[in-house]
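First the structure, in the form of structure tokens, and then the observations on it.
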Amino acid sequence: MSESGISRIFVAGAGLMGSGIAQTAVQRGLQVLLYDALDGAADTAVGQIQKRLERAEQSQRIPVGAAASSAALLKAVALPSAADQSHLVIEAISEQIDIKLAFWSQMEGICPPEVLFTSNTSSIPITRLAAATRRPDRFMGMHFYSPVPVMELVELVRGLVTSESTYATVEQLALEMGKVPVCSTDSPGFIGNRILIPFLNEAMLALQEGVGTASDIDQVARLGFRHPMGPLELADFIGLDVVLGICRVMHQGLHDPRYAPNPLLERMVEAGRLGRKSGRGFHEYPG
């Protein structure tokens, strides 16, 4: 047993974040059950994770044999009831408050009282999510950054009544997963999005006002600020619908105009231009 005492994890949500969390966990020797409400999504994600592990082994980024040993720890499950055998649940489902609250209410009825609950939410208050359960002291935020297998950071967010023992256990788990944890209070957007959203909004405003093209704005950030990608590229990578949702939650929670969604962002989402996942956002992504 690891120092954290966590060896079996139930990951809910088999999208970009959930599959990345699952991959990272199995590469560190943790057993993972991957669940998604969409029929077949978890099985598809498991297949994609296996291929990524095989490519990593072929390129010598992981040791020989590590792909097979890691993949053996990963299993897709079709029913949320499988969470009852886990030590910890990580929720990485749609960033919509009603969907998350319904999920946590369901988990409360499935999992024994000792199971810890964590959410990968990037903006929704942890205390509000924890209120859907009868264990708010055993509930906290575990906000990973994308792509999860590559990015080192994880924001650990205490709810109003998160216990010290819960925080210590999840912090140790984060270290065992190879992450660098930082602690944030339960404020809308936590640390990362508190800083990021005004930056993205200002880049969108500069584009809207014709200060520069999308390519020029991103080039300034890449070459002038030494950012790995520009703000508009980053928004496309995150998903413009996700960015819009984060803006709305933060603006509602902080009542600060810096976090109000940019009108151009709203129009692009309405038009179905969601970034990389739709093939077109502020930039185009053929194929």
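Please go through region 103-113 and pick out each residue that is touching a residue at least 12 places away in the same chain (Cβ under 8 Å) and either in a helix (DSSP H, G or I) or among the charged types (D, E, K, R) (or both). Let's see the steps before the verdict.
First, pick out the residues of region 103-113 that are touching a residue at least 12 places away in the same chain (Cβ under 8 Å): 103-108, 110-113.
Matches in region 103-113: Phe103, Trp104, Ser105, Gln106, Met107, Glu108, Ile110.
So Arg258 fits all but one of (1) of a type in the set (Lys, Arg); (2) in contact with a helix residue (DSSP H, G or I) (Cβ under 9 Å, 6 or more places away or on another chain); (3) free of Cβ contacts under 8 Å to residues at least 60 places away in the same chain; what number is the exception?
Failed condition: (3).
Consider Ala76 against the criteria (1) more than 18 Å from Ser7 (Cα to Cα); (2) under 20 Å from the mean Cα position of the chain (by Cα): it satisfies all of them except one. Which criterion is unmet?
Looking at each condition in turn, Ala76 falls short on (1).
Does any residue of region 49-56 turn out to be more than 20 Å from the chain's Cα centre (by Cα) and of a type in the set (Lys, Arg)?
Within region 49-56, one or more residues are more than 20 Å from the chain's Cα centre (by Cα) and of a type in the set (Lys, Arg).
Tell me which residues, restricted to region 262-278, are part of a helix (DSSP H, G or I) and either basic (Lys, Arg) or surrounded by fewer than 19 Cβ atoms within 10 Å (Cβ to Cβ) (or both). Lay out the reasoning, then the answer.
Filtering region 262-278 for residues part of a helix (DSSP H, G or I) gives 263-270, 276-278.
Result: Pro263, Leu264, Glu266, Arg267, Glu270, Arg276, Lys277, Ser278.
Name, by its number, the condition in (1) touching a strand residue (DSSP E or B) at 6+ places or on another chain (Cβ under 8 Å); (2) of a type outside the set (Ser, Thr, Tyr); (3) modelled with pLDDT under 95; (4) on the phi > 0 side of the Ramachandran plot that does not hold for Gln85.
(4)
Name the residue that is farthest from the chain's Cα centre (by Cα), counting only residues in region 125-157 that are surrounded by fewer than 20 Cβ atoms within 10 Å (Cβ to Cβ) and part of a helix (DSSP H, G or I).
The selected residue is Asp137.
Residues that are assigned by TED's automatic domain parsing to the domain that holds Ser119 and among the polar types (S, T, N, Q): which strands (runs of 3 or more DSSP E) entirely in region 1-89 hold 1 or more of them? Working first, answer last.
Numbers: elements: 8-12, 31-35, 74-77.
Answer list for region 1-89: 31-35.
Within region 250-261, can one find any residue that is polar (S, T, N, Q), under 23 Å from the mean Cα position of the chain (by Cα) and surrounded by fewer than 16 Cβ atoms within 10 Å (Cβ to Cβ)? Full working, then the answer.
Residues of region 250-261 that are polar (S, T, N, Q), as a first pass: 252.
Checking the rest, the ones that are also under 23 Å from the mean Cα position of the chain (by Cα) come to 252.
Filter once more, so that each one left must be surrounded by fewer than 16 Cβ atoms within 10 Å (Cβ to Cβ): 252.
For region 250-261, residues polar (S, T, N, Q), under 23 Å from the mean Cα position of the chain (by Cα) and surrounded by fewer than 16 Cβ atoms within 10 Å (Cβ to Cβ): present.
Quick one: in region 12-56, of everything that is under 18 Å from Ala66 (Cβ atoms), in contact with a strand residue (DSSP E or B) (Cβ under 8 Å, 6 or more places away or on another chain) and small (Gly, Ala, Ser), which residue is surrounded by the most Cβ atoms within 10 Å (Cβ to Cβ)?
It comes out as Ala22.
Give Asp216, Asp236 a once-over and let me know the one that is outside the structural domain of His87 (by TED's automatic domain parsing) and touching a helix residue (DSSP H, G or I) at 6+ places or on another chain (Cβ under 7 Å).
Working: Asp216 fails: touching a helix residue (DSSP H, G or I) at 6+ places or on another chain (Cβ under 7 Å).
Only one candidate passes the filter, namely Asp236.
Out of region 215-228, which residues are surrounded by fewer than 15 Cβ atoms within 10 Å (Cβ to Cβ) and either in contact with an Asp or Glu (Cβ under 7 Å, 6 or more places away or on another chain) or in contact (Cβ under 8 Å) with a residue 60 or more places away in the chain (or both)?
Listed by number, the list holds a single entry, Ser215.
What are the pairs, 6+ residues apart or on separate chains, where a residue within region 127-150 that is under 22 Å from Glu176 (Cβ atoms) has its Cβ under 6 Å from a residue that is among the aromatic types (Phe, Trp, Tyr) and outside any loop (DSSP other than H, G, I, E, B)?
Partner pairs satisfying both residue conditions: Phe139/Phe117.
The values are calculated or read from the model by the stated rules, or taken from the named source; none is laboratory data. Computed from a predicted structure; not experimentally measured. For neighbour counting, all protein chains shown are included, and Cβ atoms are generated from backbone atoms with ideal geometry for every residue, glycine included.
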